[in-house]
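Report on one structure; see the data block that follows.
The values are calculated or read from the model by the stated rules, or taken from the named source; none is laboratory data. None of these values were measured; they are calculated from a predicted model. Cβ placement follows ideal geometry from the backbone for every residue including glycine, while neighbour counts extend to all protein chains displayed.
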Amino acid sequence: MRRVCLTFRPLHAPCAAMSDDLPTIESQARTAIAAAGDPAALDAVRIALLGKTGQVTALLKTLGSLTPDERKRVGAEVNALKTAISAALDARRAVLEAEALAARLAAERIDVTLPGRPDRAGTIHPISRTMEELTALFGAMGFGVKEGPDIEDDWHNFGALNIPSHHPARAMMDTFYLDAAAGSRPVVLRTHTSPLQIRTMLAETPPIRVIVPGRTYRSDHDATHSPMFHQCEGLVIDRGITLAHLKGCLIDFLRAFFERPDLKARFRSSYFPFTEPSMEVDIAWDRKSGEIGGGSDWLEILGAGMIHPNVLANCGLDPREFQGFAFGMGVERITMLKHGIPDLRTFYESDVRWLAHYGTSPLAPVTLHEGDAR
Ligand code: PHE
């Protein structure tokens with residue numbers, strides 16, 4: 001066999017002259033491939049062997065100078081060598097890639113069982129927190145929670161609630177009217193959560209006990225009014241429900257919510273078209289110290305009353321058989337009083353400093369402080 005003089009120079013042993021017999025080249029190549037510790041090193045080995053000026057490529061180039069017989073034999077051997085080296089390179093590349101992936105997975109490992117980092121936690125917005133408290137407190141008294149649409153037709157928002165179209169209450173409510181499809185009922189952004197009284201009575205059969213926390217809208221904007229705000233409605237319907245139930249339920253609630261078992265409350269006669277009798281509920285406070293629940297001044301907290309017989313009848317209930325009461329309160333208002341928040345507008349500014357101050361840890365449980373009015 002003609003001797004083919006070639007040198008394979010692995011990267012890190014640049015000048016070592018190497019054998020040109022194929023088994024030796026193959027074993028040196030395998031050693032170099034095995035020694036390559038990362039994809040770049042392996043690529044250098046590949047280029048030194050199979051690249052344009054690589055050792056095996058050079059061997060292939062010499063075939064032209066051989067006799068046809070030799071060319072056939074040596075060509076087959078060199079090609080077999082090339083195939084073997086390619087396979088070894090591929091196998092090594094797969095190993096290196098798997099190792100690199102394993103190393104990355106180990107380095108970027110996340111232990112999902114570690115506890116959260118409280119220093120990075122957000123807070124629950126005071127409005128959400130109050131709604132959670134309302135849900136828990138009324139839940140303990142057997143109330144379920146209902147939701148309904150923010151966009152209402154005027155029958156649910158007004159008509160069914162005994163507020164006819166000429167009624168001044170419609171103007172009082174600063175209603176946002178929306179475009180309605182031709183021929184259909186006028187559509188509004190609900191001005192209160194009371195439409196859910198209607199929806200609930202139409203959908204369920206008594207006994208009914210629900211609260212409805214949700215968004216409400218009125219065209220009004222100053223330090224104590226926002227065009228969007230939150231209310232929580234309450235509705236109880238059963239046989240034999242009286243004003244005493246309304247009073248007991250609300251006194252219990254106010255004492256629990258403001259965490260003051262001796263909180264003083266006052267029921268003051270008022271007017272709502274959908275309740276009869278109607279009342280405003282005030283809690284005692286001290287104007288000078290700001291103390292809530294005691295003192296000689298009064299703060300209006302919510303509207304309430306016994307469901308008007310017309311409203312029961314509008315919902316298909318016989319007022320001689322079923323009675324009930326409802327109440328509605330402003331969620332912002334009771335939240336401002338409970339936490340001493342002076343300006344309503346700050347609720348919607350999304351200022352993280354404000355949220356960090358007035359917000360609650362998501363991990364803090366809702367307290368179920370018991371009133372003592374039973
Ligand atoms: N919907 C009334 C309001 O927005 C509040 C209310 C609810 C009054 C239920 C009585 C009964 O002012």
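So the values come out like this:
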quantity: Among residues of segment 274-296, those that are part of a strand (DSSP E or B) and farther than 14 Å from Leu263 by Cβ, counted; calculated: 6
quantity: Matching residues in segment 238-287 - criterion: being more than 25 Å from Pro206 (Cα to Cα), surrounded by 15 or more Cβ atoms within 10 Å (Cβ to Cβ) and among the basic types (Lys, Arg); calculated: Arg255, Arg260, Lys264
quantity: Selected residue [at pLDDT 90 or above and closer than 21 Å to Asp21 by Cβ] from Ala44, Ala94, Ala34, Ala40; calculated: Ala34
quantity: Verdict on Arg333 being farther than 14 Å from Leu254 by Cα, in a helix (DSSP H, G or I) and touching a strand residue (DSSP E or B) at 6+ places or on another chain (Cβ under 9 Å); calculated: no
quantity: Close pairs from segment 201-219: first assigned by TED's automatic domain parsing to the domain that holds Val331 and within 18 Å of Ile334 (Cα to Cα), partner of a type in the set (D, E, K, R) and not in a loop (DSSP other than H, G, I, E, B), Cβ under 6 Å, at least 6 apart; calculated: Val212/Glu233
quantity: Tally, over segment 289-323, of residues that are closer than 21 Å to Leu202 by Cβ, surrounded by fewer than 17 Cβ atoms within 10 Å (Cβ to Cβ) and out of contact with any Pro (no Cβ under 7 Å at 6 or more places or on another chain); calculated: 5
quantity: Counted residues, segment 237-266 - those being part of a strand (DSSP E or B) and closer than 18 Å to Gly295 by Cβ; calculated: 2
quantity: Hits in segment 151-166 (condition: surrounded by 14 or more Cβ atoms within 10 Å (Cβ to Cβ) and in a loop (DSSP other than H, G, I, E, B)); calculated: Phe158, Asn162, Ile163
quantity: Segment 301-322 - residue that is without any contact (Cβ under 8 Å) to a residue 24 or more places away in the chain and of a type outside the set (Gly, Ala, Ser) and, of those, nearest to the ligand (Cβ to nearest atom); calculated: Pro319
quantity: Segment 167-186, subset touching a strand residue (DSSP E or B) at 6+ places or on another chain (Cβ under 9 Å) and free of Cβ contacts under 8 Å to residues at least 40 places away in the same chain, residue surrounded by the most Cβ atoms within 10 Å (Cβ to Cβ); calculated: Pro186
quantity: From the options Leu114, Leu134, Leu161, residue that is among the hydrophobic types (A, V, I, L, M, F, W, C), within 34 Å of the chain's Cα centre (by Cα) and closer than 27 Å to Thr191 by Cα; calculated: Leu134
quantity: Restricting segment 168-186 to residues that are of a type in the set (Ser, Thr, Tyr) and part of a loop (DSSP other than H, G, I, E, B), the residue that is nearest to the ligand (Cβ to nearest atom); calculated: Thr175
quantity: Scope segment 187-205; condition surrounded by 17 or more Cβ atoms within 10 Å (Cβ to Cβ) and not in a strand (DSSP E or B); matching residues; calculated: Arg190, Thr191, His192, Thr193, Ser194, Pro195, Leu196, Gln197, Ile198, Arg199, Thr200, Met201
quantity: Every residue from segment 217-269 that is of a type in the set (Phe, Trp, Tyr) and under 21 Å from Glu132 (Cβ atoms); calculated: Phe229, Phe253, Phe257, Phe258
quantity: Any chance Ala326 is within 16 Å of the ligand (Cβ to nearest atom) and either closer than 23 Å to Leu137 by Cβ or in a strand (DSSP E or B) (or both); calculated: yes
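A quick yes/no check of all residues on (1) exposed (fewer than 12 other Cβ atoms within 10 Å of the Cβ); (2) in the same structural domain as Arg46 (by TED's automatic domain parsing):
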position: Leu60; (1), (2): no, yes
position: Ser65; (1), (2): yes, yes
position: Glu70; (1), (2): no, yes
position: Leu81; (1), (2): no, yes
position: Ala84; (1), (2): no, yes
position: Ala98; (1), (2): yes, yes
position: Leu101; (1), (2): yes, yes
position: Val112; (1), (2): yes, no
position: Pro115; (1), (2): yes, no
